[in-house]
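Q: Quick one: structure below, then a few questions.
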Amino acid sequence: MKLFQIMSLVMIILFSLVSVAFITLMERKILGYMQIRMGPNKVGLTGILQPMADAVKLYSKEINWPTQSNSMPFFISPCLSLTLALTLCLIMPYLKPWINMKLSLLMFLAILGLGVYPILISGWSSNSNYSLIGSMRALAQTISYEVSLVFILLSSLFISSSLSFYSLVETQKLFYFFLFIVPFYMWLFSTVAELNRTPFDFAEGESELVSGFNTEFSSSPFAIIFMAEYLMILIFSLLTSMMYFCSNTNLLSMVKTMTMMFFFIWIRATLPRYRYDKLMNLSWKFILPISTFNLFISIILTIYSK
């Protein structure tokens, strides 16, 4: 049994890392066609091996160590971000769960809350003003939207009367999407902000911060940071399809997850960057009150349905 668990752990990690590579190819291809160009098409058949070429390039380059940086935190922060993302992969519902937790929601929120620390540490340890401003933006943005994410998650899981993602999958019904149509849109806004994706990519505001919190990173640390970012996109796409689109662990669930990933890429190609003060107003004055009201409605429905 222990051997099977170890093999499951290794397979989840390997497949997650490989999938991240091809998510980047998917994004570059979709952005290329949306901007009326080809995208990567040279390496392999129609560019299918482009992620491998990018990996060889990034991991063979020399690592840049800023002389004024704090070396140990500077080195650890990318590894920490990828470790947290891979840990979240382990509590997602699969055909054969590697770890079946009764309180997987709480585990998910605990690990998600730790996600701000790698960004903050990387910005501070770089000893760069651009990196520090980007990390502080990400900190305020992530903390603001995590509150709404918690309320929306709780409102969905109150209906299933459990704090386990597996119970949610088992009790998932088609009416969940229609019952939570307003929280679904709030969830989408909060997810995009939590992932630091366009139009809420203020942690990486290239137009004003060079590259934000990762300005001083290069080579393998740079690659590890973006592996963690795209892995979080995969996790939230799977979670969204599971919560709102009746996704069990089958082929159709993969299609729904891919559709959600397409949505994140689509809005990057469509929308310009938002203004930071408007982003914070959207969180505290619009999304948070609605998600709080929806939580009370879910509690009332749960009480009177028993």
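The values are calculated or read from the model by the stated rules, or taken from the named source; none is laboratory data. For clarity, every value in this text was computed on a predicted model and none was experimentally measured. Note: ideal-geometry Cβ built from the backbone for every residue, glycine included; neighbour counts use all protein chains shown.
Q: Starting from residues that are in contact (Cβ under 8 Å) with a residue 60 or more places away in the chain and part of a loop (DSSP other than H, G, I, E, B), keep the ones in the range 53-69 and report whichever is surrounded by the most Cβ atoms within 10 Å (Cβ to Cβ).
A: So the residue we want is 69.
Q: To continue, here is another question. Go through 271, 231 for me and flag whichever is at pLDDT 85 or above and buried (at least 19 other Cβ atoms within 10 Å of the Cβ).
A: Details: 271 fails: buried (at least 19 other Cβ atoms within 10 Å of the Cβ).
Answer to the selection: 231.
Q: If we scan the range 32-46, do we find a residue that is in contact with a Lys or Arg (Cβ under 7 Å, 6 or more places away or on another chain) and more than 28 Å from residue 239 (Cβ to Cβ)? Give the steps one after another, and end with the answer.
A: Taking the range 32-46 first, the residues in contact with a Lys or Arg (Cβ under 7 Å, 6 or more places away or on another chain) are 39-40.
In the following step, the residues that additionally are more than 28 Å from residue 239 (Cβ to Cβ) were identified as 40.
Yes, the range 32-46 contains a residue that is in contact with a Lys or Arg (Cβ under 7 Å, 6 or more places away or on another chain) and more than 28 Å from residue 239 (Cβ to Cβ).
Q: Now for a different question. Out of 267, 224, which single residue is in contact with a helix residue (DSSP H, G or I) (Cβ under 6 Å, 6 or more places away or on another chain) and on the phi < 0 side of the Ramachandran plot?
A: Values: 267 fails: in contact with a helix residue (DSSP H, G or I) (Cβ under 6 Å, 6 or more places away or on another chain).
After applying the criteria, what remains is 224.
Q: From the list 108, 22, pick out the single residue that is surrounded by fewer than 17 Cβ atoms within 10 Å (Cβ to Cβ) and within 17 Å of the chain's Cα centre (by Cα). Lay out the reasoning, then the answer.
A: On the way: 108 fails: surrounded by fewer than 17 Cβ atoms within 10 Å (Cβ to Cβ).
Just a single option satisfies the conditions, and that option is 22.
Q: I'd like to check something: does the range 48-65 contain any residue that is farther than 23 Å from residue 214 by Cβ and not aromatic (Phe, Trp, Tyr)?
A: Yes, the range 48-65 contains at least one residue that is farther than 23 Å from residue 214 by Cβ and not aromatic (Phe, Trp, Tyr).
Q: Give the residues of the range 111-145 that are surrounded by fewer than 19 Cβ atoms within 10 Å (Cβ to Cβ) and either basic (Lys, Arg) or under 18 Å from residue 91 (Cβ atoms) (or both), sorted by residue number.
A: Result: 111, 113, 114.
Q: While we're looking at this one, here's another question. Quickly run through the range 165-197 and pick out the residues that are modelled with pLDDT under 75 and not in a helix (DSSP H, G or I).
A: Correct list: 172, 173, 174, 180.
Q: Would you pick out the residues in the range 225-257 that are over 14 Å from the mean Cα position of the chain (by Cα) and hydrophobic (A, V, I, L, M, F, W, C)? Break it down into steps so the answer makes sense when it comes.
A: Pass one, the range 225-257, residues over 14 Å from the mean Cα position of the chain (by Cα): 242-256.
Of everything in the range 225-257, those that are over 14 Å from the mean Cα position of the chain (by Cα) and hydrophobic (A, V, I, L, M, F, W, C) turn out to be 242, 243, 245, 246, 251, 252, 254, 255.
Q: Restricting the first residue to the range 194-222 and requiring it to be more than 21 Å from residue 260 (Cβ to Cβ) and without any contact (Cβ under 8 Å) to a residue 60 or more places away in the chain, which pairs with a second residue that is in a helix (DSSP H, G or I) and among the aliphatic types (A, V, I, L, M) meet a Cβ separation below 9 Å and a spacing of at least six or different chains?
A: Partner pairs satisfying both residue conditions: 208/133.
Q: Can you pull out the residues in the range 255-264 that are among the hydrophobic types (A, V, I, L, M, F, W, C) and either out of contact with any helix residue (DSSP H, G or I) (no Cβ under 6 Å at 6 or more places or on another chain) or at positive phi (or both)? Spell out how you get there, then give the answer.
A: Filtering the range 255-264 down to residues among the hydrophobic types (A, V, I, L, M, F, W, C) leaves 255, 258, 260-264.
Once the filter is applied, which keeps residues that are among the hydrophobic types (A, V, I, L, M, F, W, C) and either out of contact with any helix residue (DSSP H, G or I) (no Cβ under 6 Å at 6 or more places or on another chain) or at positive phi (or both), the range 255-264 yields 255, 258, 262, 263.
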